[in-house]
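Trainee: Okay, handing you the structure first.
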Amino acid sequence: MLKLLLDDRRGRAVSGVMPRQGVFITLEGGEGAGKSTAAGALAAMFQAEGADVLLTREPGGTAAAEAIRGLLLGDTALDPLAQTLLHFAARADHVAMKIRPALAAGAIVICDRYYDSTMAYQAYGQNVDIAAVAGLIRMIGLIPDITFMLNVPEVVSRARLVARNRPTDRYERMDGETMARIAAGFTAIAAAEPARCVVLDGTARTEAMVAQMRGIITARTGR
Ligand code: T5A
């Protein structure tokens with residue numbers, strides 16, 4: 001008999017998957033939106049409170065997923081569907097090997113990008129079939145408790161990348177039209193899932209943004 005492999009948002013035990021007791025928080029947004037900076041500050045805040053925290057990222061987070069990241073962010077030409085499947089291969093390993101065990105142990109898991117990035121970058125940005133990506137998301141079967149979407153205008157995003165002064169990857173080199181479709185993708189996801197997604201102003205000071213995130217996490221999860 002076919003087992004139900006999707007878990008529910010509040011983490012009750014479901015046939016075939018580990019029970020979920022922790023809190024799963026993801027950060028999403030365009031290039032240079034400030035996700036890594038905010039994720040690090042949020043993790044530090046929880047650690048200072050004595051919480052068990054896993055700070056991780058996508059693509060990446062496990063040995064295999066980091067190897068796939070090297071291919072995805074490298075210079076080898078990659079068809080958008082191939083990118084999609086590689087992002088999900090990395091994600092499947094990351095979720096099974098790292099995120100689900102940490103949630104089962106009760107940790108606060110903070111992940112810098114997750115499946116919304118594939119929907120925005122590969123489906124909306126590069127015209128991979130939205131329904132196909134939605135199907136892959138269902139196969140992963142782990143929905144974040146809260147997703148913070150950091151919104152910055154493209155001009156701010158570009159200025160931050162230039163100021164950082166490091167070599168760009170294939171995504172950072174995308175043209176303005178593609179970046180606009182990616183931004184529209186994040187907006188559509190947030191509009192479709194208001195109970196999960198919180199859109200924040202990525203041009204705000206990091207400390208203020210993270211304090212706002214902390215308040216929302218308490219209000220929504222009690223942690
Ligand atoms: N990707 C990823 C897909 O296409 N599909 C997928 O499914 C997934 C998971 C990953 C790339 O892969 C793509 C998207 C990405 O392009 P990455 O290097 O991990 O590559 O890229 P990003 O996640 O975009 O990481 P970035 O470092 O580029 O952006 P962040 O994390 O949003 O920004 P951050 O925090 O590094 O900050 C950028 C700069 O801005 C400053 C920081 O000091 C830094 O210099 N800054 C601020 N300045 C003013 N005010 C603030 N509030 C600031 N916050 C940060």
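The values are calculated or read from the model by the stated rules, or taken from the named source; none is laboratory data. Every value quoted in this text rests on a predicted model; they were computed, and no experiment measured them. FYI the Cβ positions are ideal-geometry reconstructions off the backbone, even for glycines, and counts take in every protein chain you see. For the accessible areas, the whole protein counts, side chains as well, though only heavy atoms, and no ligand, DNA or RNA atoms are used. Shrake-Rupley method; radii C 1.70, N 1.55, O 1.52, S 1.80 Å.
Trainee: For PHE186, all conditions in the list (1) open to solvent by 70 Å² or more (accessible area, probe 1.4 Å); (2) within 14 Å of the ligand (Cβ to nearest atom) hold save one; what is the number of the exception?
Mentor: (1)
Trainee: Would you pick out the residues in the stretch 49-75 that are in a helix (DSSP H, G or I) and within 8 Å of the ligand (Cβ to nearest atom)?
Mentor: Residues satisfying the conditions are ARG69, LEU72, LEU73.
Trainee: On to the next question. Say we look at the stretch 125-148 and pick out the residues that are surrounded by fewer than 23 Cβ atoms within 10 Å (Cβ to Cβ) and closer than 21 Å to GLY176 by Cβ; which of these is farthest from the ligand (Cβ to nearest atom)?
Mentor: ASN127
Trainee: Condition first: more than 17 Å from the chain's Cα centre (by Cα) and away from the ligand (no atom under 16 Å from the Cβ). Now tell me which residues in the stretch 190-223 satisfy that.
Mentor: Hits for the stretch 190-223 are GLY215, ILE216, THR218, ALA219, ARG220, THR221, GLY222, ARG223.
Trainee: Pull out all pairs, ordered by first then second residue, where Cβ-Cβ is under 7 Å, the residues are six or more apart or on different chains, the first lies in the stretch 133-148 and is touching a residue at least 40 places away in the same chain (Cβ under 8 Å), and the second is open to solvent by 20 Å² or more (accessible area, probe 1.4 Å) and small (Gly, Ala, Ser).
Mentor: If the second residue must be open to solvent by 20 Å² or more (accessible area, probe 1.4 Å) and small (Gly, Ala, Ser), the pairs left are ILE140/ALA92.
Trainee: What pairs come up if the first residue lies in the stretch 154-169 and is of a type in the set (A, V, I, L, M, F, W, C), the second is more than 7 Å from the ligand (Cβ to nearest atom) and open to solvent by less than 80 Å² (accessible area, probe 1.4 Å), and their beta carbons are under 9 Å apart, counting only those six or more places apart or on different chains?
Mentor: Once the first residue is of a type in the set (A, V, I, L, M, F, W, C) and sits in the stretch 154-169, its partners that are more than 7 Å from the ligand (Cβ to nearest atom) and open to solvent by less than 80 Å² (accessible area, probe 1.4 Å) give LEU161/THR168.
Trainee: Looking at the stretch 34-57, I want the residues that are on the phi > 0 side of the Ramachandran plot and have a partner that is part of a helix (DSSP H, G or I) with Cβ atoms under 7 Å, at least 6 apart or on another chain. Which pairs are those?
Mentor: From the stretch 34-57, the pairs are GLY34/THR206.
Trainee: Restricting attention to the stretch 32-48, and to residues there that are near the ligand (Cβ under 6 Å from one of its atoms) and crowded, with 20+ Cβ neighbours inside 10 Å, which single residue is nearest to the chain's Cα centre (by Cα)?
Mentor: Out of the qualifying residues, it is LYS35.
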